[in-house]
Structure formats: C-alpha cells, structure tokens
Amino acid sequence: MNRLARHVRITGGVQGVFFRAWTRDQARELGVSGWVRNASDGSVEAHLEGALDSVEQMIERMRSGPPSARVEDLKISEALVKDLGSFEVRR
C-alpha cells in the first residue's frame, strides 16, 4: 500500500475542547497513524500517515473538529512517512 504523510496545524478554539482525544478516535477509525499535540501558540498540530483516501478523510474531519471546537484554519504540508504503527496523543 502506498502511504503518504501530512503535517497539519489547526488554529482557532481548539485547545481545552477534547480536540486531541477526538482526533485520536477519528484517526483510529480511519486507519490513520501518527500523533496529535497542543502547540504553545494555542494551535493543535498533527502528523497523519496512511493511504491517500484515509488521510484526506481525516483532514476533512479536522476542518470541523469535535462539537465544542471552533476551527478557524488548517495549514497542511507534506511530511516524511515515518511508518508509525499507531496514533497517539502527545503532550
């Protein structure tokens, strides 16, 4: 399977609203590996790896986030595939 990776930075009201736990659950449902963490500037950043379709679906879901989030913008960039075997919440 061809895998690709993307780095995503999400801005808006995205910390303190369970965005990281929600992202982990969505990623696991879609078969996406990687990680998600809060950034010091108030944004959330994530590394997503998987099949093109799965990563694209994950990014689309992140455009809205969980019900309590207020997503203003997503910045998406290409990243190197690290062959991560799971998806985790980082601190």
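Throughout, read-outs are computed from the coordinates displayed, never taken from laboratory work. Only a predicted model underlies this, so the values are computations on that prediction, with no experimental measurement involved. Virtual Cβ from ideal backbone geometry, glycine too; neighbours counted across all protein chains shown.
Listing for the model above:
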read-out	value
Which listed residue is of a type in the set (A, V, I, L, M) and touching a Phe, Trp or Tyr at 6+ places or on another chain (Cβ under 9 Å), from Leu48, Leu30, Leu74	Leu48
Among residues of the range 25-57, those that are surrounded by fewer than 20 Cβ atoms within 10 Å (Cβ to Cβ) and of a type outside the set (S, T, N, Q), counted	14
Residues of the range 76-91 satisfying the condition of being touching a His at 6+ places or on another chain (Cβ under 8 Å) and closer than 19 Å to Arg28 by Cα	Lys82, Leu84
Pairs, first surrounded by 11 or more Cβ atoms within 10 Å (Cβ to Cβ) in the range 59-77, second part of a loop (DSSP other than H, G, I, E, B) and among the basic types (Lys, Arg), C-beta under 9 Å, six or more apart	Val71/Arg63; Leu74/Arg63
Spans of strands (runs of 3 or more DSSP E) in the chain with at least 1 residues on the phi > 0 side of the Ramachandran plot and touching a helix residue (DSSP H, G or I) at 6+ places or on another chain (Cβ under 8 Å)	33-38, 44-50
